[in-house]
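Visitor: Got a structure here, written out as structure tokens. Questions coming.
The values are calculated or read from the model by the stated rules, or taken from the named source; none is laboratory data. Note that the structure is predicted; figures quoted are calculated from it, not measured. Here the Cβ is made from the backbone with ideal geometry for all residues, glycine too, and neighbour counts use every protein chain on show. These area figures cover heavy atoms from the full protein model, side chains too; ligands, DNA and RNA do not enter into them. Shrake-Rupley method; radii C 1.70, N 1.55, O 1.52, S 1.80 Å.
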Amino acid sequence: MKTRVAALALTAAMSLAQAQDTKVVIGISGWTGFAPLTLAKEAGLFKKHGLDVSIKKIPQKDRHLAIASGDIQCAATTVETWVVWNANGVATTQIFQLDKSYGADGMVVKPNISKISDLKGKTVAASAPGTSPYFALAWMLKKNGLSVKDVKVVNLEPQAAANAMISGTTGVDAAMTYEPYLGAVRAKPEAGKIIATTLDYPMVMDTVGCTPKFLADNPKAAKGLADGYFDAVAMIKADPKKSFEIMG
């Protein structure tokens with residue numbers, strides 16, 4: 001009888017602990033730098049810090065809409081994107097830095113284009129305004145004496161933009177993309193080449209942010225998210241093979 005009572009008490013305590021885990025949904029893209037967030041969820045690292053985390057893949061151009069609707073409470077994206085979201089009435093607070101891009105974001109062009117200024121009057125595939133690829137395009141053009149008004153921008157997400165170059169889609173002269181899709185173009189030199197990356201034009205930094213309401217209602221959540229993320233970074237450094245097996 002005592003054994004059964006003890007077992008029931010333990011079960012009840014575990015259930016209570018689980019019930020107390022703070023639920024949070026994080027919106028991300030397929031960007032390689034967000035992998036530690038996925039690992040922290042799959043390896044139970046967020047749970048260790050009292051969080052019940054779900055992760056949704058949402059294109060950058062739609063992530064603020066998911067925050068505004070309450071579908072997600074937090075997101076991972078670039079610093080300038082948070083500025084745009086807040087300026088458009090989607091209140092968010094950045095809580096910790098994820099990464100900086102050292103060559104992982106870039107512009108790919110057709111083989112016959114030798115410099116960025118050659119893109120005047122050409123067609124460039126890039127995500128919609130307010131996204132990191134669009135910002136990178138505007139920045140690279142400006143540094144080469146052009147603006148987005150000097151090119152025709154067709155809105156394609158990074159993977160589709162890279163695929164347009166690889167497949168030789170008619171009319172697409174350049175594309176803004178990032179790893180792992182940047183590497184896919186690198187592997188097809190006959191289709192295109194990398195003309196510039198964030199090694200040449202450092203500008204991209206990712207952070208995690210949440211709504212002020214979520215942070216106010218869950219004062220320990222910000223630290224839990226940061227601790228879980230950096231636990232995952234440490235895990236990748238210590239055992240990369242196991243880490244990638246966990247992430248699938």
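Visitor: Quick one: putting +1 on the C-beta of Lys and Arg, -1 on the C-beta of Asp and Glu, what dipole do you get for the chain around its Cα centre, in Debye to the nearest 20?
Guide: 100 debye
Visitor: Compute the Cα gyration tensor for region 186-248, then decide on rounded, prolate or oblate, letting a ≥ b ≥ c be the square roots of its eigenvalues: rounded whenever a/c is under 1.5, prolate when a/b is larger than b/c in the other cases, and oblate in all that remain.
Guide: Oblate, because a/c is 1.5 or more while a/b does not exceed b/c.
Visitor: Mind checking which of 73, 20, 60 has the largest fluctuation in a GNM of the chain, springs on alpha carbons under 10 Å?
Guide: Taking springs between Cα atoms under 10 Å, the residue moving most is 20.
Visitor: While we're looking at this one, here's another question. Mind telling me which of 137, 39, 199 comes out most flexible in a GNM of the chain, alpha-carbon contacts under 10 Å?
Guide: 199
Visitor: Also, quick follow-up: As I understand it, the dipole of the chain uses +1 on the Cβ of Lys and Arg and -1 on the Cβ of Asp and Glu, about the Cα centre. Which of 113, 44, 221 lies farthest toward its positive end?
Guide: Working it through, the farthest residue towards the positive pole turns out to be 44.
Visitor: For the chain, which longest stretch is free of loop sites, where a loop site is one of the trypsin sites (Lys or Arg not before Pro) that DSSP puts outside H, G, I, E and B and that has at most 15 other Cβ atoms within 10 Å?
Guide: Result, exposed sites excluded: 1-114.
Visitor: Follow-up question, since we're still on this one. Enter the accessible area per residue of region 34-137 (Å², integer; probe 1.4 Å; all protein chains in place).
Guide: Computed with neighbouring chains in place, this is 41 Å² per residue.
Visitor: Now for a separate question. Which whole-Hz couplings ³J(HN,Hα) result when phi for each residue of region 171-176 is put into the Karplus expression 6.51 cos²θ - 1.76 cosθ + 1.60, θ = phi - 60°, listed in order with x for Gly and Pro?
Guide: Ordered by residue, 3J(HN,Hα) equals x, 9, 9, 7, 8, 9 Hz.
Visitor: In addition: Counting only protein heavy atoms and using a 1.4 Å probe, what share of the accessible area of the chain belongs to carbon plus sulfur, as a whole percent?
Guide: The value for the chain is 58 percent carbon and sulfur by accessible area.
Visitor: To the nearest 500 deg cm²/dmol, what mean residue ellipticity at 222 nm is calculated for the chain from DSSP H runs of n ≥ 4 alone, each contributing -39,500 (n - 2.57), summed and divided by the residues?
Guide: -12500 deg cm²/dmol
Visitor: With the cut-off at 27 Å, tell me which of the pairs 41/223; 56/237; 47/242; 110/241 have Cα atoms farther apart than that.
Guide: From the list (41/223; 56/237; 47/242; 110/241), the Cα-Cα distance tops 27 Å for 110/241.
Visitor: While we're on this one: Once you have a ≥ b ≥ c as the square roots of the Cα gyration tensor eigenvalues for the chain, tell me rounded if a/c is under 1.5, and otherwise prolate or oblate according to whether a/b is larger than b/c.
Guide: The shape class here is prolate.
Visitor: Here's something else I'd like to know. So what J values fall out for region 27-36 if you push phi through Karplus, 6.51 cos²θ - 1.76 cosθ + 1.60 with θ = phi - 60°, rounded to Hz, Gly and Pro as x?
Guide: x, 9, 10, x, 4, 4, x, 8, 3, x
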